[in-house]
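Nothing in this text is a laboratory measurement; each read-out follows from the coordinates by a stated rule. Keep in mind it's a predicted model, so treat the numbers as computed, not measured. Cβ atoms come from the backbone with ideal geometry, glycine included; neighbour counts cover every protein chain shown.
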Amino acid sequence: MNGQDFVFILPLLIVTGTAIVLMAAITIRRNHAISLAITLLGLAAAFLSLWPASAGAPHQVTAILLIDRYALFFTGLILAGSMVVAVLCYGYLDRHDIDHDEMYLLLLIATLGAAVLASSTHFVSFFLGLELLSVPLYGMIAYLRRETESFEAGIKYLILAAAAAAFLLFGMALAYLELGTLAFGPIAAALARGGSPGLLLPAMALILTGIGFKLALVPFHMWTPDVYEGAPAPVTAFIATVSKGAMVALLMRYFYISGSGGIASMRTLFTIIAIASMAGGNLLALMQTNVKRLLAYSSIAHLGYILVAFEAGGAAAMSAVAFYLVAYFVTTLGAFGVVTVLSSPHQDAEQMEEYRGLFWHHPALACVFAAMLFSLAGMPLTAGFTAKFFVVAAGASSALWELILVLVVTSGIGVFYYLRVILALFQPETEPHHPVLSFSGAGVLLGLLSAALVWLGVYPAPLLNLIKDAVRF
């Protein structure tokens, strides 16, 4: 490596340095506000350092990282999402009688892993980034260790993530045995030569299994509702957005560089998984009365929608996936932000009954939550509607009519369970149960997310232009 390389990996170095500074600060004196300030300053500095790197991109840093505009765009999205989660953690953890500071340390390390995944072009960086992301999540999910559900969710995620990592490692080993290299590029060259793919097909199937677990795609989704329900609300927001966003960024780069998306059997497999995720996620969410579990099944369906554009291929499809991810980040962080604000020291606000009549006590909060749910349902004038429009357009450009039909039908099913929650917000409550809230920091954040939701729905052109310039290989 040389001095120029360090400029391009500066965002990663700043996040790493922030984690070290935070560890030192914790050993000197525990202070919740200082820990949050260090975390936010580090993440903001890493975000600003993306601009110097973008001037000379693309740049290959050793054999395992490619810092191009694609990587920088998704790294920026990951850093922004982590900053939102850090702010949500502050008010949430302040209400719990536990040590607060280690949560921010785990958050920084997980963010670093997610950013490495976005820049990865090699199985070594793929696996290192994945483990940097996964291992802190075990602690984040089980952070409320005195609560049985949180501890159980952490153990469950640990066991299943270890199994998924084993599938990934076995797939990588088969690819190395066939090609003699761990880089993504030689896979495309081997497939282009024709003939028998040898061990490549089973290798790609095993790798897809590991990725499918992280994205909670059907049939690898069984952990999702239990982990979403048991994890602290801000951690659930991190899993639903930053963790999955990093894996989508990796999935696109891996399958486009390796040429795996051009194999007929792999395309068939993706079609089956996309249909199963859209149908399964929406149908399983229909009768949920637990809001966190409802949003968990909803996230499965949304990843299925993303796969429709992903399978379409081409520049328009990649732009559609990137825009959908941005819209998904905004709406999901906003939805879990409301859950976080309403949560008590004893239990997260997860039962639908706890949201009944919220409008009559906290109208602004109810309107924000309703807007987020409308966006998830794909209603006009929201980011969710625009995102789904681009996904459908990408699918139509490749004549994926069966996937578009399933998307439209299952989106209609999704409207039903989102409306159940929205109606509960505006119904008169039978008995008062809403506490007096103090959420100045989170309130400003939810206001900004709501503004972004409407802006992306009404005037998406600036973001689209940025995406078209960045999201290409």
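Going from the residue with the fewest nearby Cβ atoms within 10 Å to the one with the most, Phe310, Phe359 rank Phe359, Phe310. Rounded, prolate or oblate: which fits region 311-402, taking a ≥ b ≥ c as square roots of the Cα gyration tensor eigenvalues, rounded meaning a/c under 1.5, else prolate when a/b beats b/c? The shape class here is prolate. For the peptides 50-60, 378-388, the ranking by packing is 378-388, 50-60, with the highest mean count of neighbouring Cβ atoms within 10 Å listed first.
Distances between placed amide hydrogens fall under 5 Å for His59 paired with Ile67, Asp68, all partners being 5 or more residues away or on another chain.
Exposure proxy ranking for Trp455, Trp401, based on other Cβ atoms within 10 angstrom of each Cβ and starting from the fewest, stands as Trp401, Trp455. What is the Cα centroid distance between region 341-375 and region 7-43, reported in whole angstrom? A separation of 32 Å, based on Cα centres. Among 6-14, 301-309, 458-466, the peptide with the highest mean count of other Cβ atoms within 10 Å heads the list, and the full ranking is 301-309, 6-14, 458-466.
Working ranking of peptides 237-248, 263-274 by packing, defined as the average number of other Cβ atoms within 10 Å per residue, highest first, is 237-248, 263-274.
How much net charge surrounds Asp469 when only the other residues with a Cβ under 15 Å from the Cβ of Asp469 are counted, with Lys and Arg +1 and Asp and Glu -1? Neighbourhood net charge equals +2. In the chain, the DSSP-assigned H stretches of four residues or longer account for a calculated mean residue ellipticity at 222 nm of -25000 deg cm²/dmol, using -39500 (n - 2.57) per stretch and the full residue count as denominator. If you take the Cα centroid of region 277-317 and the Cα centroid of region 139-215, the two points sit 21 Å apart.
As a length-normalised measure over Cα pairs under 8 Å and 6 or more apart, the relative contact order of the chain settles at 15 percent. Taking Cα centre as origin and charging only the Cβ of basic (Lys, Arg, +1) and acidic (Asp, Glu, -1) residues, the dipole magnitude of the chain rounds to 840 debye. Residues Glu152, Glu354, arranged from fewest to most other Cβ atoms within 10 angstrom of their Cβ, appear as Glu152, Glu354.
Taking a ≥ b ≥ c as the square roots of the eigenvalues of the Cα gyration tensor of region 65-178, is the shape rounded (a/c under 1.5), prolate (a/b larger than b/c) or oblate? In terms of gyration-tensor shape, oblate. Take the alpha carbon gyration tensor of region 263-473, find the square roots of its eigenvalues, order them as a ≥ b ≥ c, and report rounded if a/c is under 1.5; if not, report prolate when a/b exceeds b/c, else oblate. Taking the square roots of the gyration eigenvalues as a ≥ b ≥ c, region 263-473 is prolate. Stretching Ala205 away from Ala399 to a fully extended chain increases their span by 67.3 nm, per 0.36 nm per residue minus the current alpha-carbon distance.
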